[in-house]
């Protein structure tokens, strides 16, 4: 007749197996926590906004995140139609304009990197009749900027609603500033 009581060896084997499974699950959980911490340490958060002063009008870009924002794609549209560069933008907004690069300040956006806490002018226009006309029509303009972290995670900022969304954005016509 066989002994129906489990032996100490069988109980020890089952306990060792259970402890190993718990240790494996704990290690997987810790790796996920470390991965999340690593991503949080290099998380960029790019915003674009308008700024008005007594001297003029600015469109600024700021990285409020903890890591660099690597700009991958930029699309500027007027009434939903993409424009190719700053001259195309200004010609569309102020037909027959006389202002040129002697008064226009243009900062880098395409293929640039915003350091954490960096605040940069993307466009500066001093006040005059033409810039007042342009500002009155800004409701027609949208800007979408796609950027990545150093780990390759992607987001895009949409000026129309001021929201940042996770994912990639492919421009229909890359804006070249």
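The values are calculated or read from the model by the stated rules, or taken from the named source; none is laboratory data. What you see is a predicted model, and the numbers here were worked out from it, not measured in a lab. Cβ sites come from the backbone with ideal geometry, for glycine too, and all protein chains shown count toward neighbours.
When 114, 169 are checked against the criterion of being surrounded by 13 or more Cβ atoms within 10 Å (Cβ to Cβ), under 12 Å from the mean Cα position of the chain (by Cα), within 30 Å of residue 40 (Cα to Cα) and at pLDDT below 95, a single residue qualifies: 169.
I'd like the residue in the range 121-142 that is over 16 Å from residue 55 (Cβ atoms) and surrounded by 15 or more Cβ atoms within 10 Å (Cβ to Cβ) and, out of all such residues, is farthest from the chain's Cα centre (by Cα).
The qualifying residue farthest from the chain's Cα centre (by Cα) is 141.
A quick yes/no check of all residues on (1) in contact (Cβ under 8 Å) with a residue 60 or more places away in the chain; (2) assigned to a strand (DSSP E or B); (3) farther than 16 Å from residue 143 by Cα:
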position	(1), (2), (3)
28	no, no, yes
43	yes, no, yes
76	yes, yes, no
91	no, no, yes
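Please tell me if residue 29 is exposed (fewer than 12 other Cβ atoms within 10 Å of the Cβ) and touching a helix residue (DSSP H, G or I) at 6+ places or on another chain (Cβ under 9 Å). No, not satisfied.
Taking the numbered list (1) modelled with pLDDT under 90; (2) part of a loop (DSSP other than H, G, I, E, B) in turn, residue 66 passes all entries but (1).
Residue-by-condition table, conditions (1) out of contact with any strand residue (DSSP E or B) (no Cβ under 9 Å at 6 or more places or on another chain); (2) in a loop (DSSP other than H, G, I, E, B); (3) modelled with pLDDT of 90 or more; (4) closer than 28 Å to residue 116 by Cβ:
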residue: 17; (1), (2), (3), (4): yes, no, yes, no
residue: 34; (1), (2), (3), (4): yes, no, no, yes
residue: 49; (1), (2), (3), (4): no, no, yes, yes
residue: 59; (1), (2), (3), (4): no, no, yes, yes
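For the range 129-169, give me the residue count where each residue is over 30 Å from residue 39 (Cα atoms) and part of a strand (DSSP E or B). Looking only at that region, the number is 1.
Here residue 148 meets each of (1) within 21 Å of residue 86 (Cβ to Cβ); (2) surrounded by 14 or more Cβ atoms within 10 Å (Cβ to Cβ); (3) at pLDDT 95 or above with one exception, condition (1).
Among the listed residues 151, 90, 134, identify the single one that is touching a helix residue (DSSP H, G or I) at 6+ places or on another chain (Cβ under 9 Å) and under 18 Å from residue 43 (Cα atoms). Every option except 151 fails the conditions. Checked against (1) closer than 19 Å to residue 145 by Cα; (2) loosely packed, with under 10 Cβ neighbours inside 10 Å, residue 108 passes all but condition (2). Taking the conditions exactly as written (farther than 19 Å from residue 174 by Cα and either in a loop (DSSP other than H, G, I, E, B) or under 15 Å from the mean Cα position of the chain (by Cα) (or both)), does residue 99 satisfy them or not? Yes; evaluated as a whole, the condition is true for this residue.
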